[in-house]
Amino acid sequence: MTRRELPFAVDAIVILPEHLHVLMTLPIDDADYSARWRKIKSLFSRRLARRLGLSTNASGEYALWQRRFWEHTIRNDADLERHVDYIHYNPIKHGLVPQVSDWPYSSFWRYVRLGLMPPDWAGDACETIQDFGERRG
């Protein structure tokens, strides 16, 4: 529904228990990530609230999402590859699985089907990937 109103392509994604990472491409001359995230969060929250019977807080919001997000404009092919790798490696980084291929909630298997990554990518550990990506507090 959001993509019909505010088009974008999902290039890579991983959904984890406490957060998610998405690499998306927006139409040329459109950099409104905020409108898309606002719409995604709103639709998801309302549907989940209906399903689970959740109520809103004093501000009339469902306390499911953090208020902010971080965006990064991909600069070149190497930057794109590094971010796709980071997204797919995240379940290992957070200790959820020993291998990327064990985590079903990501675009990793789409990359494998397209021949862009081997099924055993990152093996059991990949120290070169562990230290890049997320901002430190």
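Going by a ≥ b ≥ c, the root eigenvalues of the Cα gyration tensor, does segment 6-51 fall in the rounded group (a/c under 1.5), the prolate group (a/b larger than b/c) or the oblate group?
Taking the square roots of the gyration eigenvalues as a ≥ b ≥ c, segment 6-51 is oblate.
Which GluC sites (Glu not before Pro) from segment 1-92 combine a DSSP loop assignment with at most 10 other Cβ atoms within 10 Å?
18, 71
Determine the gain in length on full extension of the stretch residue 75-residue 26; use 0.36 nm per residue of separation and subtract their C-alpha separation, reporting nm with one decimal.
16.2 nm
Can you pull the one-decimal nm distance between simple spin-label points at residue 105 and residue 9, each 7 Å off the Cα toward Cβ?
2.6
Using unit Cβ charges (K, R positive; D, E negative) and no other charged atoms, how large, in debye to the nearest 20, is the dipole of the chain about its Cα centre?
Around 940 debye, computed over the chain.
Let me understand segment 28-83 better: what is its radius of gyration from the alpha carbons, and its Dmax, in angstrom?
Considering segment 28-83 through its Cα atoms, Rg and Dmax are 15.7, 45 Å.
Provide the per-residue ³J(HN,Hα) series for segment 21-28, in order, calculated from phi with Karplus coefficients 6.51, -1.76, 1.60 and θ = phi - 60°, each as a whole number of Hz, with x at glycine and proline positions.
10, 9, 10, 10, 10, 9, x, 4
Using θ = phi - 60° and the Karplus curve 6.51 cos²θ - 1.76 cosθ + 1.60, what whole-Hz ³J(HN,Hα) does each residue of segment 80-92 get, with Gly and Pro shown as x?
So the Karplus estimates, Gly and Pro as x, are 4, 4, 4, 6, 4, 4, 4, 4, 6, 7, 3, x, 6 Hz.
Which of 65, 70 has the fewest other C-beta atoms within 10 Å, and how do the rest follow up to the most?
70, 65
Per-residue HN-Hα couplings for segment 11-18, Karplus 6.51 cos²θ - 1.76 cosθ + 1.60 at θ = phi - 60°, whole Hz, x for Gly and Pro?
Each residue's phi maps through the Karplus curve to give 8, 7, 7, 9, 10, 10, x, 10 Hz.
Among 73, 25, what is the fewest-to-most ranking by other Cβ atoms within 10 Å?
Sorted ascending by nearby Cβ count, the order is 73, 25.
Taking neighbour counts of Cβ atoms within 10 Å as a proxy for exposure, in what order, fewest first, do 44, 8 appear?
With the sparsest Cβ surroundings first, the list reads 44, 8.
Return the Rg/Rh ratio of the chain with Cα-based radii and a Kirkwood Rh.
Computed over Cα atoms, the ratio is 0.99.
Per 0.36 nm of contour for each residue apart, how much would the distance between residue 67 and residue 48 grow if the chain were fully extended, relative to their Cα-Cα spacing?
Here the segment from residue 67 to residue 48 would lengthen by 5.1 nm.
Taking only the C-alpha atoms, wrap a convex hull around segment 50-128 and report its volume per residue in Å³ as a whole number.
In segment 50-128, the Cα convex hull volume per residue is 160 Å³.
Report the local net charge at residue 12: Lys and Arg +1, Asp and Glu -1, summed over other residues whose C-beta lies under 12 Å from its C-beta.
Charge balance near residue 12 sits at -1.
The numbers here are math on the coordinates, done by the rules we state, and not lab data. What you see is a predicted model, and the numbers here were worked out from it, not measured in a lab. FYI the Cβ positions are ideal-geometry reconstructions off the backbone, even for glycines, and counts take in every protein chain you see.
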